[in-house]
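As structure tokens, the structure follows; a few thoughts come after it.
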Amino acid sequence: MNNIPIQACTENGIVVFNTPGANANAVKELVLTGLLLSARDVCGGMQYSQSLTALSDATAMDKLLEKEKKRFSGSEIKGKTLGVIGLGAIGASVANTAIDLGMEVIGFDSALSVEAAWRLSSRIQRAENLQSLISKCDFVTVHVPALPATIGLISSELLAAAKPGLVLLNFARKEIVDTDAVITALENGQVGQYVTDFPTPSLIGREGVILMPHIGASTAEAEENCAVMGAMQLIDFLENGNISNSVNFPQITLERAEGYRITFANDNVPKVLGTVLSLLADLNINVLDMLNKSRDEVAYTILDIENQPTDELLSAISGVEHVFNVRAL
């Protein structure tokens, strides 16, 4: 959402939506790819195999590969411990799949919702804090949004508590990981490998680093899922006034009743809703159904009324102090 002026949109009554979870499977699969690439030196083996351009004899190549393959040995992820920081749609999916692959999984989420908790396998252990999680894990993957509280979350102080040789994966946001701290930890062996979807110049060519060009959601299925989910949310908003997965307005859904629907947004201050209802009562307009929700400084109301709203009614509601957007649906 970093390219959208969210505050300006809010002030103008513009609802900003996103599509959480629509690309979760695509990102999860790439995280698992990174996990496996870090455990087995697949990249090194592929590069070595492609470098054998001078060999034209297949038998000689077979013998050479048999001799050299020990250079690219690794370990299995089964039985290893994975720490998952952030247990939303992507983090929960990664954690559950890791359980299916035979890993031990420890999760941490300071704001775990009831809905997210239902998605988690009962076999996922819960960490009390990040220091406890990182000290016990062979692999750690981060899946939190880039917020003021999470910028630089993976810091030198946190990495100092890591199990030596930790494999760190970041397919969430570049800003969550302090790159300089990771480089220092790579150099002193505290971090064994860093796998990320967010290359920076200081990471290019560095040993122990696997870089991908921000392709977490780059699948045809994810693109379609996001497009369909976004379109459905917009249709529901335009036709019914319902709001799902907005980043600046409250989550609100009201089934359509008989009659006509009005929605309005206002500053989240007292008396606005009461004033609008009094206005309707003065005009002898019966309210059939209503739902009001608020989020931070914004309140939003869906009203189903008995009479078709006139331009004069909509203008009167717009004129109520602190109301900044009115729609008739």
Sum up the charges of everything whose Cβ sits under 10 Å from the Cβ of Ser93, counting Lys and Arg as +1 and Asp and Glu as -1, but leave Ser93 out. +1
Hey, what's the stretch 82-214 come to in accessible area per residue, 1.4 Å probe, Å²? 47
Euclidean distance of C-alpha centroids, the stretch 171-227 and the stretch 82-144, integer Å: 19
Would you compute, for the Cα atoms of the chain, the largest minus smallest coordinate along each principal axis and list the three values in descending order, in whole Å? 92, 44, 38
Net charge of neighbours whose Cβ lies under 14 Å from the Cβ of Leu35, counting Lys and Arg as +1 and Asp and Glu as -1: -3
Surface/4 estimate of mean projected area, convex hull on alpha-carbon atoms of the stretch 126-264, nm²: 11.8
Which value does Rg/Rh take for the stretch 242-308 over its C-alpha atoms, Rh per Kirkwood? 0.98
Residue separation times 0.36 nm, minus the C-alpha to C-alpha distance between Ser73 and Cys43: what's the value? 9.7 nm
Can you compute the charge dipole magnitude of the chain about its Cα centre, using +1 on each Lys and Arg Cβ and -1 on each Asp and Glu Cβ, nothing else charged? Give it in debye, rounded to the nearest 20. 1360
Hey, what's the Cα Rg ratio for the stretch 1-108 versus the globular rule of thumb, 2.2 N^0.38 Å? 1.68
Would you kindly calculate the mean projected area, averaged across all directions, of the convex hull enclosing the Cα atoms of the stretch 194-250, in square nanometres? 6.0
From the residues Ala281, Val191, Ile262, which one has its Cα farthest along the dipole of the chain in the positive direction, the dipole being from +1 and -1 charges on Cβ of Lys/Arg and Asp/Glu about the Cα centre? Val191
Which of the peptides 262-274, 168-180, 230-242 is most tightly packed, and how do the rest follow, going by the mean number of other Cβ atoms within 10 Å of each residue? 168-180, 262-274, 230-242
Using a 1.4 Å probe and counting only protein heavy atoms, arrange Thr150, Thr253 so the residue with the most accessible area comes first. Thr253, Thr150
Diffusion constant of the stretch 185-329 at 20 °C, which comes from Stokes-Einstein with the Kirkwood Cα-pair radius and 1.002 mPa s, µm²/s: 114
Asp57 versus Val228, label points 7 Å from Cα toward the beta carbon: distance in nm? 5.6
Going by Cα centres, the stretch 260-329 and the stretch 1-29 are how many Å apart? 26
In units of 2.2 N^0.38 Å, the Cα radius of gyration of the stretch 68-164 is 1.15
Tell me, in nm to one decimal, what length is gained between Gln50 and Ser155 on full extension, where the rule is 0.36 nm per residue of separation less the Cα-Cα distance? 34.1 nm
Viscosity 1.567 mPa s, temperature 4 °C, Stokes-Einstein D of the stretch 272-311 from Kirkwood C-alpha radius, µm²/s: 117
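The values are calculated or read from the model by the stated rules, or taken from the named source; none is laboratory data. For clarity, every value in this text was computed on a predicted model and none was experimentally measured. Because the Cβ atoms are built from the backbone with ideal geometry, glycine has one as well, and the counts that use them run over all protein chains shown. Accessible surface is based on the protein model in full, side chains and every heavy atom, while ligands, DNA and RNA are left aside. Shrake-Rupley method; radii C 1.70, N 1.55, O 1.52, S 1.80 Å.
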